[in-house]
1. Name the residue from B:Ser2, A:Ala470, A:Thr424 whose Cα lies farthest towards the positive end of the charge dipole of the protein assembly as shown, charges +1 on Cβ of Lys and Arg and -1 on Cβ of Asp and Glu.
2. Pick out, from A:Phe227, A:Leu138, A:Met456, the residue whose Cα sits farthest towards the positive end of the charge dipole of the protein assembly as shown, with +1 on the Cβ of Lys and Arg and -1 on the Cβ of Asp and Glu.
3. Once you have a ≥ b ≥ c as the square roots of the Cα gyration tensor eigenvalues for segment B:3-86, tell me rounded if a/c is under 1.5, and otherwise prolate or oblate according to whether a/b is larger than b/c.
4. Based only on Cα atoms, what mean projected area does the convex hull of chain A have, in nm²?
5. Loop by DSSP (not H, G, I, E, B), at most 14 other beta-carbon atoms within 10 Å: where is the longest site-free stretch of chain A for GluC sites (Glu not before Pro)?
6. Give the share of C-alpha pairs in each 10 angstrom bin for segment A:328-461, from 0 to the last occupied bin, in whole percents, shortest bins first.
7. At a Cα cut-off below 20 Å, give the aspartates and glutamates reachable from A:Lys448, other chains included and same-chain residues fewer than 8 away excluded.
8. Under the definition of partner shielding as Cβ atoms of other protein chains within 10 Å of a residue Cβ, what is the mean value for peptide A:299-307?
Amino acid sequence: MDMKAPEKKLGIKEKYRLLTRDLAWQPTYRSEKEIYPYLDYEGIKIHDWDKWEDPFRLTMDAYWKYQGEKERKFYAIIDAHAQNNGHLNITDGRYLSALKIFLQAISPGEYAAHKGFARVGREFAGAGTQVACQMQALDEMRHAQTQIHALSNYNKYYSGFHAFAETRDRIWYTSVARSFFDDSMASGPFEFLIAIGFSFEYVLTNLLFVPFMSGAAYNGDMATVTFGFSAQSDEARHMTLGLECIKFMLEQDPDNLPIVQKWIDKWFWRGFRVLGLVSTMMDYMLPKRVMSWREAWEIYGVENGGALFKDLAFYGIRPPKGWEDAGKAIDHMSHQFMLGFYQWRFGTAFHSWIPSDQDMDWLSQKYPTTFDKYYRPRWDYIKRAEAEGKPFKNFGLAKLCQCCQLPCVFTEPDDASVLCHRQTTHKGEIYHFCSDGCQEIFEDEPEKYVQAWLPMPQLFQDPVNGDLAAWMDWAHLTDGLDNGEYQGSSDQRNFDRWRGLATSNT
Amino acid sequence: MSQVFIALQTNEETRPIIEAIEADNPKAVVTRDPAMVRISAPGQLVIRKDTIEQNLGRDFDLQEIHINLITLSGHVDEDDETLTLHWDR
Ligand SMILES: [Fe+2]
Ligand SMILES: [Fe+2]
Ligand SMILES: [Zn+2]
């Protein structure tokens, strides 16, 4: 009997060369400048695009195969979740608030990242870079879709999930993430890559996805764990792309260093402010918490970021300018921001609540130097006001930072008893900032940031014209249903009742 | 020395991979969180196809790791036999 000699398989290095590099060609009847018109104006100099390598050497055929497998795994669990009342397995209905913020603020960011990478995949000249950016563009589209799909199961039962697209465009806290991505997409291709590929993916995405998804598992939310880890399985590739790109830019020309450093400073601070949202989710909104925001920062910020910047010192890169201020903010930000959410709870498309005594004890244990000193007394005050029938609400409008668009609720880096506020006058107009980092970003490109859409000024424009009820209509927010206190909300009533039905026969 | 790490989903597909990493990297520290396993080591971590195949009892393509990968840190070097994370230059 004949034995067929097995075909010799290509090694991944050779396969990568054939299926990536060899797909590119030298243009003859159009100039490089015509084909790639945006490569010069940021000042970045690239001499040899072939020096850029994807260390995973993933080729398109392997990409489709593994992505297909990830999708099959994802839908197997999503189907089971929908078929088995998975929404009743979560620890507590309060957990839904974290999911709502995720869907309103983060999933649209995935879609924005898709658009950005589709664009730069076309604009960069190297074949390796083009392929990696195209893969990431497809990944980010998949992330947006799987997240929306997974969370649509919750939309069948609970409030606040129904209008995430409008919420993303029209509500104040979502504009923080939106402006972050819009800013990156309105940058040149190299800056975009440092913004999303490096600062967001490499330095910050672990803080968003890893502890939060592990937290979802801990809180019985299989749908979120599944889309989270399915998305995260692409992130290691994205992080590696970000790191390779920065090394590539720095190795290509010494003139690139100051430009890259400036972008790292800017985008670290921009990203850090977006993570303010995540800190409240981790410290306050997960009924069962895996780790505190502070602990996540220790692992993924201090340890991982520290190793990274120690390594990049080889090229003359130093840690981002805001790094120290970020370190000082860690023990305060989630508390300051959650107090903000609570006092403006009429204007949020999720529910908030006063932390229980047990929750507060956990917070003082996790934040021994700050919680009892600064934040427990405020929650106690709010609790007393509530008990006296005078619930604490702030109907004043927050002053927003012109750069990060967060309300200016943060304190001075070195004094937690003083509100941090900066301002600058540009062409006769006053602009406000939450921090030195945001002020510097503005002052470097004022013409860009004066154009920012800000949710508070919008309140006084058409079609809202200063009317709160009209604003709620416009933002697709139903008063008394989507917003306000968790205690007594329809989400609470429904979750408790359905869970009761699911575990008894009455 | 800076730590490198890799995190994988907790499931039946990753068990033999994690055991292989532990066997090949005596300095590795394994941390188990809900639904995920994080393995860190000082300076370098090597993942060998060979060891995984012995545990698994079948052929294994190192790129299969992507399906269950959560995150990593360090420079990545990959060929057909090994995937290495390191901070050296
Ligand atoms: Fe993503
Ligand atoms: Fe990503
Ligand atoms: Zn700001």
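1. A:Ala470
2. My answer, from the dipole projection, is A:Met456.
3. rounded
4. For chain A, averaging the hull's shadow over all directions gives 30.8 nm².
5. The segment A:8-387 is the longest one with no such site.
6. Result, from short to long distances: 11, 36, 32, 16, 4, 0 percent.
7. Output for A:Lys448: A:Asp40, A:Glu42, A:Asp169, A:Asp182, A:Asp183, A:Glu191, A:Asp265, A:Glu429, A:Asp436, A:Glu440.
8. Whole-number average of other-chain Cβ neighbours for A:299-307 is 4.
The values are calculated or read from the model by the stated rules, or taken from the named source; none is laboratory data. Everything numeric in this text was worked out from a predicted model, so none of it was measured. Positions of Cβ are backbone-derived with ideal geometry, glycine not excepted, and every protein chain shown enters the neighbour counts. Surface areas here come from the heavy atoms of the whole protein model, side chains and all, with no ligands, DNA or RNA. Shrake-Rupley method; radii C 1.70, N 1.55, O 1.52, S 1.80 Å.
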